[in-house]
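First comes the structure, then the notes that go with it.
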Amino acid sequence: MAPQCIALQQGCVPTDGETAAHCQACPEGQYPSGTNAECIENPLADCAGIAQQCMTIQQGCVPTEGDTAAHCQMCPDGQYPSGINAQCVDFEGLASEHDFGTITLAPGEEHNGWCQSWVLNNETELWVNGLEFITQGGYHHSNWFFVPEGKHSYPDKSPWKNCYSKGFSEIDAALSGGVLYAQSTQVAREFQKFPAG
């Protein structure tokens with residue numbers, strides 16, 4: 001019962017007489033914790049009030065310290081805000097990192113129809129639970145696809161100029177594998193965390 005309660009951000013009320021164990025909202029200023037999902041005092045209660053606001057803008061909550069009130073702040077690279085207090089936590093699992101290098105743009109210049117690709121050379125299936133996108137700027141938008149080996153012969157290089165005229169199709173990539181991520185317009189850093197399962 002406790003895992004279900006914690007997933008609902010509620011505490012677990014144990015069996016009492018004829019009433020079966022069940023989930024119930026914790027009193028104000030408390031949160032569910034531990035293997036029994038007991039409601040305990042929340043040392044980060046000041047974050048609870050702004051946690052949703054922080055998570056909406058993909059930032060973690062920094063609790064009140066001295067004269068500085070609780071506030072939202074970008075998590076360090078490799079972390080994302082999580083839980084009822086929007087605390088920064090590490091992405092789970094084994095991290096895989098790729099650097100596409102630098103593309104230089106003159107003021108007002110655009111490169112339309114460029115693709116970037118790389119072969120992962122994984123021997124078994126990969127199960128992705130999150131991703132983080134970091135750029136120095138210049139990317140208006142990007143769509144990320146995964147395509148199983150052998151489905152298409154995309155080049156293992158970056159950038160792949162005029163990729164659409166050379167056979168790349170977003171529909172084919174999506175149907176052959178899938179869409180992993182769509183970058184929000186003009187962000188410098190963004191993460192996407194997928195639900196468990």
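Read-outs: derived from the displayed coordinates by stated rules, not from any lab. Bear in mind that the values here come from a model prediction, so they are computed numbers and not experimental data. A quick note on method: Cβ atoms are made from the backbone with ideal geometry, for glycine too, and the neighbour counts reach across all protein chains shown.
Going by amide H atoms built from the backbone, whose H comes under 5 Å of the H on residue 130, apart from near neighbours?
194
Considering Cα pairs under 8 angstrom that are at least six residues apart, work out the relative contact order of the chain and quote it in whole percent.
Values: 306 pairs, mean separation 28.9, N = 197.
Answer for the chain is 15 percent.
Mind telling me which of 44, 131, 105 comes out most flexible in a GNM of the chain, alpha-carbon contacts under 10 Å?
Of 44, 131, 105, the most mobile in the Gaussian network model is 105.
Starting from the Cα of residue 146, step 7 Å toward the Cβ, then list every residue of the stretch 96-114 with an amide N under 18 Å from that point.
96-99
With all distinct Cα pairs included, what does the Kirkwood hydrodynamic radius of the chain come out to in Å, to one decimal, could you say? Numbers along the way, then the final one.
Working: mean 1/r = 0.0493 Å⁻¹.
One decimal place: 20.3 Å for the Kirkwood radius.
If amide hydrogens are placed 1.01 Å from N in the peptide plane, which non-local residues have theirs closer than 5 Å to the one on residue 181?
Sorted by chain and number, the residues that satisfy this are 144.
So which aspartates and glutamates can residue 151 reach, going by Cα to Cα under 18 Å and dropping same-chain residues fewer than 8 places off?
Within the straight-line limit of under 18 Å, residue 151 reaches these aspartates and glutamates: 123, 125, 170, 172.
Using the Karplus curve 6.51 cos²θ - 1.76 cosθ + 1.60 with θ = phi - 60°, work out ³J(HN,Hα) for each residue of the stretch 121-132 in order, rounded to whole Hz, and write x for Gly and Pro.
For the stretch 121-132, the Karplus curve yields 6, 7, 8, 10, 4, 9, 10, 8, 10, x, 8, 9 Hz.
Would you mind computing, in nm to one decimal, how far apart the modelled labels at residue 111 and residue 41 are, each placed 7 Å from Cα along Cα→Cβ?
Calculated label separation equals 5.6 nm.
How high is the relative contact order of the stretch 39-122, given as a whole-number percent (alpha carbon pairs under 8 Å, six or more residues apart)?
On the way: 97 pairs, mean separation 18.3, N = 84.
Relative contact order for the stretch 39-122 comes out at 22 percent.
Assign one of three labels to the stretch 93-197, namely rounded, prolate or oblate, based on the Cα gyration tensor with a ≥ b ≥ c the square roots of its eigenvalues; rounded applies when a/c is under 1.5, prolate when it is not and a/b is larger than b/c, and oblate otherwise.
Values: a/c = 1.78, a/b = 1.21, b/c = 1.48.
Since a/c reaches 1.5 but b/c is at least a/b, the shape of the stretch 93-197 is classed as oblate.
Most mobile of 173, 86, 21 per a Gaussian network model of the chain (Cα springs, under 10 Å)?
Between 173, 86, 21, it is 21 that shows the largest mean-square fluctuation.
Considering only the other residues whose Cβ falls under 13 Å of the Cβ of residue 11, what net charge follows from Lys and Arg at +1 and Asp and Glu at -1? Walk me through the numbers before you get to the answer.
Details: positive: none; negative: 28, 38, 41.
Residues close to residue 11 contribute a combined charge of -3.
Per DSSP H run of at least 4 residues, take -39500 (n - 2.57); add these up for the chain, divide by its residues and hand me the 222 nm value, nearest 500 deg cm²/dmol.
Values: 4 runs with 23 residues, N = 197.
Helix-only estimate at 222 nm: -2500 deg cm²/dmol.
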